[in-house]
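**Q** Sharing a structure below in structure tokens format, with a few things to ask.
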Amino acid sequence: MKVSVIGGGGLVGSMAAFALQMGKIASDISIIDANSKVAEGVALDLLQGSSLIADQRIIAEDMSGVANSDVVVITAGLRRKPEESRLDLINRNVDLFMALLGDAKKAGLRKDSYLVVVSNPVDILTHLAVKHSGLDWRRVIGLGTQLDTARFCSHIARRILVPPTQVRALLLGEHGDSMVPLWSSASVGGLPLDQWPGWNPQAASETFEETKTAGAKMISLKGGSGFAVGVSIREVVESILLDSRKILPVSTLQQGLYDIRDVCLSVPTVVGAGGARKQIEVPLSSKEKIGLQNSARILKGIIEQVEARLAKGPMATPIAPVDPKPPISAPAEVVAHTPDANAKPIGHPPIEMRTQPKRPGWNRT
Ligand SMILES: NC(=O)c1ccc[n+]([C@@H]2O[C@H](COP(=O)([O-])OP(=O)(O)OC[C@H]3O[C@@H](n4cnc5c(N)ncnc54)[C@H](O)[C@@H]3O)[C@@H](O)[C@H]2O)c1
């Protein structure tokens, strides 16, 4: 099974590729990046360690590589600046993402492939991918709160001095400021976290805050998240490829569970062959449910503005920030978008290089 990473030359993409290499599940890993030199470097670096890891084919190639890919991971994008919220990235990243999606479709993105969206703002871009990729919604999966959840469990474990793999705790909703901690189901070694010796509301609130600000901290300390996001991406990709059916907090198009629809955000989702096989609704505390619906309200507000802006052509009016606080208003309908045939894409020029010989039948159109 072939996995392509668009943006694979960057921090997140290269870490995802390395995690996939270490996972030894994908038979082929392809690095695609607007910066062809760095893509070639990442692919060669991975390839040079392959004799110690696994027998995988690792190449750098141009966008034509998506045509025979089973999974296309999109990490291409612009990073958040320190102090910038994920949603502030919208104006800079939506046009780039739409152009990239267009390039991938032109290159022959298959209807039976899977898109794993990582670039931020991930819930918004996942929604755009569902609407514009031509793939069934189940095959379009945003990383959502998968990384946040990994961080959350790790931070809880560090605080109460237990092994990280013993902690189960979920974050749902937006991959962003309105993410929702599910304290009601958090557990350690199968026991309720809220009854763990030493755990108290202050520990809970500090741990959640630490998790919510973890992305910004990574940016200020080392330029961005790498290792943790890489393994979070691997978890999703491998659950698809192995049909593991893991229940993951990934971002998918909501179909009405938790009274939320027409927006992409994270709920517990069974991930396997076919993509998002099932979204799960479990009883939440009223605070948790209100929090989840608040995430949906915020994301819907952004999506409406994005769709309206795209209908006018790329790089029109800047997006206004949405009030991150409740009250929860009645959900607005998502406006269907008809792509503007005259809109000028801002994609990158084709990348002209490969580190392995062409396969028969390969072409670069
Ligand atoms: N969803 C999550 O949990 C999560 C976590 C961390 C980072 N991110 C997001 O991932 C994205 C990448 O972050 P990063 O730290 O790797 O940034 P980076 O700058 O290191 O890498 C981005 C890469 O994308 C490439 N690129 C840009 N435009 C391209 C195009 N049109 N086609 C192909 N490649 C293109 C760049 O050349 C670069 O190599 C950002 O949007 C960031 O916010 C998401």
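The values are calculated or read from the model by the stated rules, or taken from the named source; none is laboratory data. The structure displayed is predicted, hence computed values, not measured ones. Quick reminder, even Gly has a Cβ in these numbers, built from the backbone with ideal geometry, and neighbours come from all protein chains shown.
**Q** Considering each of 78, 100 in turn, give the residue that is surrounded by 24 or more Cβ atoms within 10 Å (Cβ to Cβ) and either in a loop (DSSP other than H, G, I, E, B) or within 8 Å of the ligand (Cβ to nearest atom) (or both).
**A** So the residue among 78, 100 that is surrounded by 24 or more Cβ atoms within 10 Å (Cβ to Cβ) and either in a loop (DSSP other than H, G, I, E, B) or within 8 Å of the ligand (Cβ to nearest atom) (or both) is 100.
**Q** Could you go through region 148-161 and let me know if any residue there is of a type in the set (A, V, I, L, M) and under 17 Å from the mean Cα position of the chain (by Cα).
**A** yes
**Q** Moving to a separate point now. Looking only at residues that are away from the ligand (no atom under 16 Å from the Cβ) and small (Gly, Ala, Ser) in region 5-64, which one is nearest to residue 229 (Cα to Cα)?
**A** 23
**Q** Going residue by residue through region 22-38, is there one that turns out to be touching a Ser or Thr at 6+ places or on another chain (Cβ under 6 Å) and under 20 Å from residue 241 (Cβ atoms)?
**A** Yes; the residues of region 22-38 include at least one that is touching a Ser or Thr at 6+ places or on another chain (Cβ under 6 Å) and under 20 Å from residue 241 (Cβ atoms).
**Q** If you don't mind, there's one more thing I want to ask. For region 136-147, does any single residue satisfy the condition of being at pLDDT 95 or above, farther than 29 Å from residue 298 by Cα, away from the ligand (no atom under 15 Å from the Cβ) and crowded, with 16+ Cβ neighbours inside 10 Å?
**A** no
**Q** When the residues of region 223-244 are narrowed to those that are part of a helix (DSSP H, G or I) and farther than 16 Å from residue 13 by Cα, which ends up farthest from the chain's Cα centre (by Cα)?
**A** 241
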